[in-house]
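Enquirer: Pasting a structure here, questions to come.
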Ligand SMILES: Nc1ncnc2c1ncn2[C@@H]1O[C@H](COP(=O)(O)OP(=O)(O)OP(=O)(O)O)[C@@H](O)[C@H]1O
Ligand SMILES: [Mg+2]
C-alpha cells in the first residue's frame, strides 16, 4: 500500500485540528469581534467610573475590571465555539462525518472542549493585550491565572457541547445562552466586587459557580480576592469534573446524536 | 465459508408508534453487489444507519466483516464506507481539505495518493481545491462518494447515490462502483431506479414497512415473480379474458407465460376462440414488475 500511516491519536488530532480551523478561518468574527467588544466595555466603564471607584482599597476600577472582562470573553467564546459548531453540524447534517469514523466519545468530547478552550484563550489573550495599555495591571500569580483560564474554558466548552447537542434549533441555543450563560456570567462579579453588594446578593453570588471562576482568576492578578483561591479552585474543579462526567454520559448514551 | 460482509439479525427499531424496522434478518456475502429496494419509508435508510452506528436499534445485532457495530465499533466502522442519502457537506472546506480531514478521522495520514486516485475516478480533479459551497449538486454527491472511500473500506453502502444525478454522471458512477466491486469491495445499494438495480445487483432484498419481503438473486426474482408477458389487441377481448387474460384499455389483453413454448399454444387457443388478434407485443420480465408484485403480495 502507498504511504498510509495509521495511528491511534490521528482521529482525535484531526477532529481537534478541524475544530480549531473552523474558528480560525473566520477569526475576524470569532476572535477579533469579541476582543473589540470587550475593549468597548473597558473604555466606557473606565470613562464613567474610574475616578470614583476603587476596589480592595487601592486598586483602580479599570484594573479590577480588565481581568473580569478577559475571563468573561474567554468563557463566552469557549461556550460559543463548541455549541455553534455542533448545532451547525447537526442542522446541516454534516455531523455524520464525525459520527461515521471510529472516534470514541472521549476523543469526541476532548476535541470539542480543547478547541473551545483554545478559542477562549485566544480571545482572552486578545482582550488582555488590547486592554493592557489602558490600565495598570499586576500579574501576582500567573499559574493561578492559567489554571482558572483553562478550567473556566473547559467548563464552558463542556456546557457548549451539552447545549449544542440538546438544542434542535438555533433559537433554543440562543435561549440557553441568553437565559443561562449570560446571566450567570454577568452576575458573577465581572463588573464589581461582590463585597460591594448587600449580604443577600453576596450569598446568592456564592451559589454561582461562575463567580468562583472569575474570583479565582482575578486572584492570579492581584493576589487578593473575595474568597480564598483554594475554595474557588475546589468549586471550579469539582464543577468541571461533574460537567465532564455528565457530558460524557450523554455522549455515551448517544443522546440526540445516535438516535 | 468466509465471513459475511454484513450480518443483520432480528433488528428492530421504532420511532414512537412507528415501527421503522420490524425484525430484519439479512446476510451479504463478501464481494457481492447487493440491492436493497423498497418504497419510500420502507426502512432502507434506517437499516443503513443502524449498520453505520448512526441509529441505535431497539433489538437485534449488526455486524460488518464480523465486527459488531456496537461492541466493536472501531473495527466495524473502519470496514464500512457509507454514502448518505442526504446531500450534506461542510461549507468551511475545499474538496481536498475535506478528504484529508475525513482520512484523518479514520486514523490515516499522508493519504494524498489515494485521494488523487479517487478524485480522478470521480472526475473531480479539477474541483479539488474548490470550496464545497461552490460545487453543483451532482458534484457534491460525488464528493460524498469520495468521502466514503478515503479509508478503503471493504464494504461500501450507497444510499440512493444517483438521485438528482445526470445520465452521464450516473453511468460514470456505476462504472466506478462496478470497478470497486471487481476489485473486491462488497457493494450495497439502494435505489428507486429499478433498471439500475436489475443491471447491477447480483442479489436483492426488498423491504416493506420494516420487513424483508423478498430476498433472492436477481435472476431468481425475475423468474419467480414476473413471468414473460404477451399483450394482444383483440377484436373480441371477452374471448381473451375467458382464456385467462387480463383486460386493459382499447381491446388490449395481457397474458402471462413462463416460457416461449407457451406462446404458440396460447395463440392457437385465441384463434380457436375467434378472438381476432389485431396487434401483439412481447414483454420481457423486468424488476419493476417483480417489485410491484412483491409489494402487492406482501
Ligand atoms: N429520525 C426519525 N424520527 C422519526 N421517524 C423516522 C426517523 N427516521 C426515519 N423515520 C421513519 O421511519 C420510516 C423509515 O424511514 P427510512 O428513512 O428508513 O425509509 P427509506 O426506506 O430510506 O425511504 P426512502 O426511500 O424515502 O429514502 C419512515 O416512516 C420514516 O418516517
Ligand atoms: Mg432512505
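Enquirer: Relative contact order of chain A: what whole-number percent is it, with Cα pairs under 8 angstrom and at least 6 residues apart?
Expert: For chain A, the relative contact order is 25 percent.
Enquirer: I would also like to ask the following. Counting other beta carbons within 10 Å of each Cβ, put B:201, B:9 in order, fewest first.
Expert: Details: B:201 23, B:9 14.
Going from sparsest to densest Cβ surroundings: B:9, B:201.
Enquirer: Per the Debye formula with a single identical scatterer at each Cα and no solvent contribution, what log10 I(q)/I(0) holds for region A:92-221 at q = 0.22 Å⁻¹?
Expert: -1.40
Enquirer: Using R₀ = 60 Å, calculate the FRET efficiency as 1/(1 + (r/R₀)^6) where r is the Cβ-Cβ separation of residue B:22 and residue B:261; round to 0.05. Can you show the working numbers first?
Expert: On the way: r = 42 Å, r/R0 = 0.69.
It comes out at approximately 0.90.
Enquirer: Right, next: Taking the Cα atoms only, what angle lies between the long axis of helix B:167-182 and the longest principal axis of chain B, rounded to 10 degrees?
Expert: 70 degrees
Enquirer: What are the equivalent ellipsoid semi-axes of chain A, built from the alpha-carbon gyration tensor (square roots of five times its eigenvalues), in whole angstrom, biggest first? If you can, show how the numbers build up before the last one.
Expert: On the way: eigenvalues 239, 72, 57 Å².
Working through the eigenvalues yields semi-axes of 35, 19, 17 Å.
Enquirer: Let me ask something else about it. Could you work out [θ]222 nm for chain B from helices alone, using -39500 (n - 2.57) per DSSP H run of at least four and dividing by all its residues? Round to the nearest 500 deg cm²/dmol.
Expert: Working: 11 runs with 108 residues, N = 298.
After summing the helix terms and dividing by residue count, I get -10500 deg cm²/dmol.
Enquirer: Let me ask something else about it. For chain B, find the longest principal axis of its Cα atoms and tell me its angle to the long axis of helix B:112-121, 0 to 90°, nearest 10.
Expert: The angle comes out at about 20 degrees.
Enquirer: With a ≥ b ≥ c the root eigenvalues of the C-alpha gyration tensor of region B:107-226, is it rounded (a/c under 1.5), prolate (a/b larger than b/c) or oblate? Write down the numbers at each step before the final one.
Expert: Values: a/c = 2.32, a/b = 1.85, b/c = 1.26.
Since a/c reaches 1.5 and a/b is larger than b/c, the shape of region B:107-226 is classed as prolate.
Enquirer: Using a 10 Å cut-off on Cβ to Cβ distances, tally the other chain neighbours for every residue of A:17-23 and report the average as a whole number.
Expert: Numbers: counts 3, 10, 0, 0, 4, 3, 1.
For this peptide, the per-residue mean of nearby foreign Cβ atoms is 3.
Enquirer: Evaluate the Kirkwood expression for the hydrodynamic radius of region A:156-258, namely the inverse of the mean inverse distance over all pairs of different C-alpha atoms, and round to one decimal in Å.
Expert: Numbers: mean 1/r = 0.0664 Å⁻¹.
Radius from the Kirkwood sum: 15.1 Å.
Enquirer: Still on this structure, please answer the following. I'd like the antiparallel share, as a percent to the nearest 5, of DSSP beta bridges with both residues in the protein assembly as shown. All intermediate terms of the calculation are to be shown ahead of the outcome.
Expert: Working: 40 of 57 bridges.
Here the antiparallel bridges make up roughly 70 percent for the protein assembly as shown.
Enquirer: How many nm separate the modelled label positions at residue A:245 and residue A:32, each set 7 Å beyond the Cα in the direction of the Cβ?
Expert: Roughly 4.4 nm, to one decimal.
Enquirer: With each run of n ≥ 4 DSSP H residues scored as -39500 (n - 2.57), what mean residue ellipticity at 222 nm is computed for chain A after dividing by its residue count and rounding to the nearest 500 deg cm²/dmol?
Expert: On the way: 11 runs with 178 residues, N = 259.
About -23000 deg cm²/dmol.
Enquirer: Please state the shape class of region B:241-285: rounded when a/c is under 1.5, otherwise prolate if a/b exceeds b/c and oblate if not, all from the C-alpha gyration tensor. Walk me through the numbers on the way to the answer.
Expert: Values: a/c = 1.62, a/b = 1.12, b/c = 1.45.
Judged from the Cα gyration tensor, region B:241-285 comes out oblate (a/c at least 1.5, b/c at or above a/b).
Enquirer: Right, here's the next one. Starting with the fewest neighbours, write out B:78, A:253 ranked by other beta-carbon atoms found within 10 Å of each beta-carbon. Present the calculation step by step, with values, prior to reporting the outcome.
Expert: On the way: B:78 21, A:253 12.
Neighbour counts put them in this order, fewest first: A:253, B:78.
Enquirer: Defining a contact as two alpha carbons under 8 Å apart and six or more residues distant in sequence, what relative contact order in percent does region B:1-147 show? Don't jump to the answer; show the numbers that get you there.
Expert: Working: 202 pairs, mean separation 29.5, N = 147.
Relative contact order comes out at 20 percent.
Enquirer: Obtain the nm distance between the two label points defined at residue A:139 and residue B:74 by a simple spin-label model: each point lies 7 Å from its Cα along the Cα-to-C-beta direction.
Expert: Label at residue A:139, label at residue B:74, 4.0 nm between them.
Enquirer: Hey, fewest Cβ within 10 Å first, where do B:174, A:201 land in order? If you can, show how the numbers build up before the last one.
Expert: Numbers: B:174 16, A:201 12.
Fewest-to-most Cβ neighbours within 10 Å comes out as A:201, B:174.
Enquirer: How compact and how long is region A:51-148, expressed as Rg and Dmax of its alpha-carbon atoms in Å?
Expert: Expressed in Å, the Cα Rg and Dmax of region A:51-148 come to 18.3, 59.
Enquirer: Next up: Over 43 Å apart: what share of the alpha carbon pairs of the protein assembly as shown falls there, rounded to a whole percent?
Expert: On the way: 59675 of 154846 pairs.
Tail of the P(r) past 43 Å holds 39 percent of the pairs.
Enquirer: Take every DSSP beta bridge with both residues inside chain B and express the antiparallel ones as a percent of the total, to the nearest 5.
Expert: Antiparallel: roughly 70 percent of the beta bridges in chain B.
Enquirer: Please determine, in degrees from 0 to 90 and to the nearest 10, the orientation of helix A:229-252 with respect to the longest principal axis defined by the Cα atoms of chain A, where the helix direction is its Cα long axis.
Expert: Approximately 20 degrees, to the nearest ten.
Enquirer: At residue B:192 and residue B:112, where each label point lies 7 Å from the Cα along Cα→Cβ, what is the point-to-point distance in nanometres?
Expert: According to this spin-label approximation, the distance is 4.2 nm.
Enquirer: So what are the three principal axis dimensions of chain B from its Cα atoms, in whole Å, longest to shortest?
Expert: Principal extents (Cα only, largest first): 77, 44, 39 Å.
Enquirer: Label region B:163-207 by shape, choosing from rounded, prolate and oblate, from the square roots a ≥ b ≥ c of the eigenvalues of the Cα gyration tensor; if a/c is under 1.5 it is rounded, and otherwise prolate applies when a/b is larger than b/c, oblate when it is not. Present the calculation step by step, with values, prior to reporting the outcome.
Expert: On the way: a/c = 2.09, a/b = 1.04, b/c = 2.01.
Oblate, because a/c is 1.5 or more while a/b does not exceed b/c.
Enquirer: Pick out which of B:160, B:272, B:196 has the largest mean-square fluctuation in a Gaussian network model of chain B, springs linking Cα atoms closer than 10 Å.
Expert: With Cα springs under 10 Å in chain B, the top fluctuation among B:160, B:272, B:196 is at B:272.
Enquirer: On to the next question. Which FRET efficiency, nearest 0.05, do residue B:178 and residue B:286 yield, Cβ-Cβ r, R0 25 Å?
Expert: Numbers: r = 20 Å, r/R0 = 0.81.
Taking R0 as 25 Å, the efficiency between residue B:178 and residue B:286 is 0.80.
No lab work stands behind these numbers, since they all come straight from the coordinates. Just so you know, these numbers come straight off a predicted model, no measurement behind them. In this analysis, Cβ positions are derived from the backbone assuming ideal geometry, glycine residues included, and neighbour counts consider all displayed protein chains.
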